[in-house]
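Take a look at the structure set out below.
The values are calculated or read from the model by the stated rules, or taken from the named source; none is laboratory data. Since the structure is predicted, the reported quantities are computational estimates derived from the model, not experimental observations. FYI the Cβ positions are ideal-geometry reconstructions off the backbone, even for glycines, and counts take in every protein chain you see.
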Amino acid sequence: MQPYTQVELPELHSQGVQRPLIIAPAFTTDCLETIHELGIEGAELYAEGGGEEKNLMTLKCLNDDPAFLDYLAQKVSAHAGGW
């Protein structure tokens, strides 16, 4: 998937972005590697371009909210054919 965070994050500060927010809607479950890459390494990449690491924000994974689990349970019930 593009754009690649490794390329884009260092450029954001020079484009005037002061508080970038990373949203990764393709990830519906917590993946430690992804959290590390987007959060920790992403902040470092943003800082390489002149921004402050603390200003990079990431949106939590969808499964962090009980409403998402309820939604999934409803979908399974509706489409699992009575299993």
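A few notes on this one:
- Just one of the numbered conditions (1) touching a helix residue (DSSP H, G or I) at 6+ places or on another chain (Cβ under 7 Å); (2) part of a helix (DSSP H, G or I); (3) modelled with pLDDT under 85 is not true of H36: (1).
- Qualifying residue in the stretch 56-76 (condition: closer than 21 Å to Q6 by Cβ and either at pLDDT 90 or above or assigned to a helix (DSSP H, G or I) (or both)): yes
- Exclusive hit being surrounded by 14 or more Cβ atoms within 10 Å (Cβ to Cβ) and either of a type in the set (S, T, Y) or modelled with pLDDT of 90 or more (or both), set T29, T5: T5
- For first residues located in the stretch 58-83 and on the phi < 0 side of the Ramachandran plot, partners that are loosely packed, with under 12 Cβ neighbours inside 10 Å and not in a loop (DSSP other than H, G, I, E, B) and lie 6+ apart or on another chain with Cβ distances below 7 Å form the pairs L59/L21.
Table: residues versus (1) of a type in the set (S, T, Y); (2) surrounded by fewer than 11 Cβ atoms within 10 Å (Cβ to Cβ); (3) more than 18 Å from the chain's Cα centre (by Cα).
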site	(1), (2), (3)
L21	no, yes, no
G49	no, no, yes
L56	no, no, no
L62	no, no, no
F68	no, no, no
K75	no, yes, yes
